[in-house]
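Just so you know, all these numbers are worked out from the coordinates, no wet-lab data involved. Bear in mind that the values here come from a model prediction, so they are computed numbers and not experimental data. Because the Cβ atoms are built from the backbone with ideal geometry, glycine has one as well, and the counts that use them run over all protein chains shown.
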Ligand SMILES: NC(=O)c1ccc[n+]([C@@H]2O[C@H](COP(=O)([O-])OP(=O)(O)OC[C@H]3O[C@@H](n4cnc5c(N)ncnc54)[C@H](OP(=O)(O)O)[C@@H]3O)[C@@H](O)[C@H]2O)c1
């Protein structure tokens with residue numbers, strides 16, 4: 001029986017709750033691929049899963065990890081497009097924090113050879129989420145004004161780059177001055193406001209009655225209500241994250257409940273007169289719309305190859321139990337600009 005090292009959540013808790021185990025590797029089905037994992041993107045949702053504040057988690061012990069870069073080690077008998085040695089990235093619902101994984105061949109994408117595995121692993125979730133929010137949900141047009149909350153984060157830095165490239169007026173928020181500077185000076189946003197300041201007033205001062213066309217909301221709570229107030233006619237609020245429910249590294253149901261209550265339900269009638277739309281996005285639950293990812297991923301990697309888009313890799317930690325602990329602590333401390341990746345090389 002083949003086994004692999006996997007970094008697991010056996011009970012929810014702080015980052016130190018991670019354990020490393022040797023577990024059996026799933027047998028290769030005809031349409032599967034065995035991947036030797038070289039790098040794993042760490043996402044804020046991994047932190048929420050580990051803390052026990054996430055809606056879709058498997059029963060029993062499991063490894064988090066939505067995205068990996070790796071090398072094909074073996075392919076099932078019906079797999080035609082991949083061969084041993086191919087370097088790929090893959091998207092999955094969980095399970096990426098491991099040395100080896102077996103997954104359907106249809107979950108793989110090639111990545112540009114110029115990228116390191118860690119850079120490649122920093123791309124899929126951030127850029128695809130930003131892509132779906134901007135272009136599939138909000139149907140954003142050039143010259144429209146977009147506000148991107150947590151603009152210096154993983155999804156945020158990708159969204160700023162995609163929106164700037166699309167010719168939009170881009171505004172962001174972030175809680176740290178050096179991050180706000182990067183969002184404007186390096187990523188090309190028009191302005192980036194302090195999350196802890198009066199950013200709602202500041203956006204209103206810049207845009208006046210015109211308002212925002214699009215708001216990408218990854219926070220929830222009072223920020224969602226502020227985004228809604230800032231939207232102009234036919235403005236679209238895309239709600240895709242609930243970071244405000246996790247203010248620290250420990251499970252805090254009081255904070256989660258407070259964020260939930262502060263987000264407040266919306267009655268459809270209240271959207272009519274101001275001509276507003278509210279959209280929810282979850283990258284891994286696209287169902288029959290999943291092919292949009294197959295169209296988007298090559299275009300994103302093409303943008304990376306041409307230099308128009310940049311994988312925002314902040315730093316790497318080893319793909320070990322201790323590396324995962326450190327990576328989660330780092331993101332909880334809000335130190336990351338762009339992505340944190342667990343790397344085996
Ligand atoms: N729906 C989907 O399919 C999907 C896919 C990917 C991600 N997401 C969601 O999108 C959000 C961003 O994900 P990410 O992986 O790119 O993470 P990220 O933005 O890199 O997360 C870290 C940053 O979020 C901000 N933040 C964290 N906790 C906060 C809090 N309690 N209050 C205010 N700001 C807080 C901080 O930014 P500043 O220091 O700059 O303020 C922090 O540096 C998360 O909510 C995640 O769950 C959703």
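How much mean residue ellipticity at 222 nm does the chain get from its helices, if each DSSP H run of length 4 or more adds -39500 (n - 2.57) and you divide by all residues, to the nearest 500 deg cm²/dmol?
-8500 deg cm²/dmol
Once you order the gyration tensor axes a ≥ b ≥ c over the Cα atoms, which shape class does region 125-285 get: rounded for a/c under 1.5, otherwise prolate or oblate by comparing a/b with b/c?
Judged from the Cα gyration tensor, region 125-285 comes out rounded (a/c under 1.5).
Report the normalised scattering of region 195-345 as log10 I(q)/I(0) at q = 0.10, 0.15, 0.19 Å⁻¹, calculated by the Debye formula with identical scatterers on the alpha carbons.
-0.52, -1.12, -1.34
Residues of region 60-75 with backbone nitrogen within less than 19 Å of a virtual label 7 Å along the Cα-to-Cβ line of residue 10, please, listed as ranges.
Backbone N within reach: 60-65.
Which percent, to the nearest 5, of DSSP beta bridges fully inside region 125-285 are antiparallel?
0
What per residue convex hull volume, in Å³, comes out for region 95-136 when only alpha-carbon positions are used?
In region 95-136, the Cα hull volume divided by residue count equals 114 Å³.
Which distance in nm do the two modelled labels at residue 248 and residue 329 give, with both placed 7 Å along the Cα-to-Cβ direction?
1.6
Given the options 149, 35, 276, which has the most mean-square fluctuation in a GNM of the chain, springs set between C-alpha atoms less than 10 angstrom apart?
276
How many nm separate the modelled label positions at residue 206 and residue 275, each set 7 Å beyond the Cα in the direction of the Cβ?
Between residue 206 and residue 275, the simple spin-label model gives 2.3 nm.
May I ask for the angle, rounded to the nearest 10°, between helix 154-165 and the longest principal axis of the chain, with both axes built from Cα atoms and the value confined to 0 to 90°?
So the helix axis and the longest Cα principal axis differ by about 60 degrees.
On a C-alpha basis, how far is the centre of region 1-25 from the centre of region 240-317 in Å? Whole number, if you could?
27
Just the Cα atoms of region 38-151: what Rg and Dmax do they give in Å?
My reading of the Cα-based Rg and Dmax gives 16.1, 50 Å.
Under the rule a/c < 1.5 gives rounded, and otherwise a/b versus b/c splits prolate from oblate, where does the chain land using the Cα gyration tensor?
Cα axes put the chain in the prolate bin.
Once you have the Kirkwood Rh of region 1-85 from its Cα pairs, apply Stokes-Einstein at 25 °C and 0.890 mPa s and quote D in µm²/s.
170
State the antiparallel share, in %, of DSSP beta bridges confined to the chain, rounding to the nearest 5.
Around 55 percent of the beta bridges assigned by DSSP in the chain are antiparallel ones.
Whole Å is fine, so just give me how far the alpha carbon centre of region 173-194 lies from that of region 42-63.
29
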